[in-house]
Structures are given as structure tokens and as C-alpha cells.
Amino acid sequence: MYKDKNKKVASDNKPYVIPARPEALITIVELMKTGDPDAGEIAEILKKDVYLYASVLAAVNTPHTGLCKKITDLSHAITLLGVDKLFAIVRLAALKNSLSKTGRLDRFWDSATEVAELSASLAKKLTDADSHKAYTLGMMHDCGIPLMLESQPEYKAFLRTVNGNDLTSVSIAEQERFGIDHFALGADIAEKWYMPEYICDAIRLQAHYDQVLTSDIECSDEARTLLSILILAKDISSIYRRFWRIYDTTDPLPELKEVLKYIGVPDIEYLDLREDFLGYMVQKDLNDSNSQQQG
């Protein structure tokens, strides 16, 4: 696991209070340690936390899980998905619920969901990585931001000043201004909330992805692959957010050189794939807009 001198700051610096884990999650973790958790017992534990149960059920029925029919019973979902995947969904839903208590974060979660869905799709198209793991990283890659917003009154204005900056510049500016960057804080949150080591490392190392992919920074191959997928997903999402501005999609992508090299995808192939994703996203938004107007 990657270690960083920044890591302890999130715990020691009093303004940053990592959200408490719900009792249901802690109980399920203990049950998972038995090695043979019962699906019905997990479902019963979740039913005691109505909000979490509803959130998990909603998450189970999103397209990325790959289930063909709408699920109304979590015991059935566990049978179809397996305990490990269901636990990953529970963990993610619980953390999202907890972070959402820090304030109105609709736009934040919309952006995270977009990156997560892109990550899952890219994982399937370009790598052998588990799309569920890629989705989890996509949802949680900026999970330190809500806590920064809650604990630092000036952080919202700060975000506007660094909008569009590269990840390394953002990291340096955050450390100089607040004593920690949101990547390290996010990794600490993920670790406390039982996220796997490769997810925690990928969150923490976003600002150093080029060094990670050239092996200058040590971490697992799984973390490297998921981080590569995340960087590409963020690239597509970022371009889409400024889609109607002038943007030259024939750029040589120098900032993505190491990412594409690591996963073995030529520039031209990625550019074509990116155009396909952008076209799909435009059409989806148009369809959603038309549906709302008709409704």
C-alpha cells in the first residue's frame, strides 16, 4: 500500500471530521469476516436502516450492475450479484448518504456519477478490470471535496480559482492553503469506510498518476489500471462539460501519454472512442430534455 506523509494530516487536523460509519455497515463487515455470510442475514441487517436499504436497492437497479430485471428484494440481489459485489454497493451507498449530509451536493454527485459510468464502460472496452470496481472509484475519486467544503468556508471560492488546472497544481495549491489535498483526505475517508486498498491508493495518487504509471511511485497493478481508467473517464467528462466551446479533439493528448501507453491503447483509437462517448452523451441529454418537456 502506498504511504504518504500527508496521510496522517487528515486524521490529526481537527477541522476534518471523517463521517461515522453506520451501525449496519459495521455489523455487515463483522459478518463478512466469517467467510460465509448469509444473504438473508445481510438483508435483515440492512432493513434496520431504512434509508440505507432504500439507497442500496436503488443502486442495485442502476444499469451498471447489469441486472436484467428490477430487483425489489435484496436477498434476491445478493443471489444474483454475489455477496462481495453487494457489499461493495452497500459500502458505496452508505458513504454517499453520509457525505451528502454535509450540504447540497447535487451537482457534485451528478459529476461523480457521470465519471463512474464512463469508468465502468471504459473498463469493459479497454481492459480486463472489474467494471464494478471502476464504477466505485469513479463515484469516490473526489470524496474528499465534501469534507473540505464543510470544514473550510473559503474552499468553495478556492475551487473556482483552480478550475481547469491540472491535478498536480490543484494538489499543491490545496496543501499550501489548507495543509492537505482532497485526494489524501478522500483516501483516508475511503480507508476508514472499508474501501479496498487499491481504491484508496488510486484516490490518493490521482495528482501523481504519471509517476505511478512509470513505476516511480509504488502501488499495485490493480490500482494502476483503475487509476488509468479514471483519468480517461475524467478527460471525457471534462470535455463534455465544455462541449459547446471550441475544442480541438485532434490534440496529441500529451497529458494522457503515459495512461494510454500503460493500458496499450493508441492515441487515434482513444480519440475515436472519446468521440463515440461524447456523441452518446449529447444524445442522452437531448432525449432526457425532450422527456422532461413532454412530461
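The values are calculated or read from the model by the stated rules, or taken from the named source; none is laboratory data. Values in this document were obtained by computation on a predicted structure and should not be read as measured data. All Cβ positions, even for glycine, are placed from backbone atoms using ideal geometry, and neighbour counts span all protein chains on display.
Looking at region 60-115, which of its residues are among the small types (Gly, Ala, Ser) and assigned to a helix (DSSP H, G or I)? Before you say what the answer is, go through the steps one by one.
The initial filter retains those residues of region 60-115 that are among the small types (Gly, Ala, Ser), namely 66, 75, 77, 82, 88, 93-94, 98, 100, 103, 111-112.
Ser75, Ala77, Ala88, Ala93, Ala94, Ser98, Ser100, Ser111, Ala112, listed by residue number.
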_Consider region 213-238. How many of its residues are of a type in the set (S, T, N, Q) and in contact with a Leu (Cβ under 9 Å, 6 or more places away or on another chain)?_
2
*Search region 87-106 for residues that are closer than 11 Å to Trp193 by Cβ and pair each with any residue that is among the basic types (Lys, Arg) and at pLDDT 90 or above when their beta-carbon atoms are under 8 Å apart and the residues are at least 6 apart or on different chains.*
Ala94/Arg21; Ser98/Arg21
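When you look at Thr127, is it assigned by TED's automatic domain parsing to the domain that holds Arg204, modelled with pLDDT of 90 or more and within 17 Å of the chain's Cα centre (by Cα), yes or no?
Values: assigned by TED's automatic domain parsing to the domain that holds Arg204: yes; modelled with pLDDT of 90 or more: yes; within 17 Å of the chain's Cα centre (by Cα): no.
So Thr127 does not fit the description; no.
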_Just to confirm my filter: which helices (runs of 4 or more DSSP H) fall fully inside region 123-167 and include at least 3 residues that are buried (at least 21 other Cβ atoms within 10 Å of the Cβ) and among the charged types (D, E, K, R)?_
none
*Residue check: is Leu273 farther than 30 Å from Phe87 by Cα and at pLDDT 95 or above?*
yes
*Within region 175-188, is even one residue surrounded by 17 or more Cβ atoms within 10 Å (Cβ to Cβ) and assigned to a loop (DSSP other than H, G, I, E, B)?*
yes
*Only residues that are surrounded by 16 or more Cβ atoms within 10 Å (Cβ to Cβ) and under 15 Å from Ala24 (Cβ atoms): list them for region 40-73, please.*
Ile42, Ala43, Ile45, Leu46, Asp49, Leu52, Tyr53, Ser55, Val56, Leu57, Ala59
*Scanning for something modelled with pLDDT of 85 or more, in the same structural domain as Leu205 (by TED's automatic domain parsing) and in contact with a Gly (Cβ under 8 Å, 6 or more places away or on another chain), does region 95-112 turn up at least one residue?*
yes
*Does at least one position in region 9-23 carry a residue that is at pLDDT 90 or above, more than 22 Å from the chain's Cα centre (by Cα) and either assigned to a helix (DSSP H, G or I) or under 28 Å from Ser121 (Cβ atoms) (or both)?*
yes
*Mind checking whether some residue in region 130-152 is among the basic types (Lys, Arg) and more than 20 Å from Val29 (Cβ to Cβ)?*
no
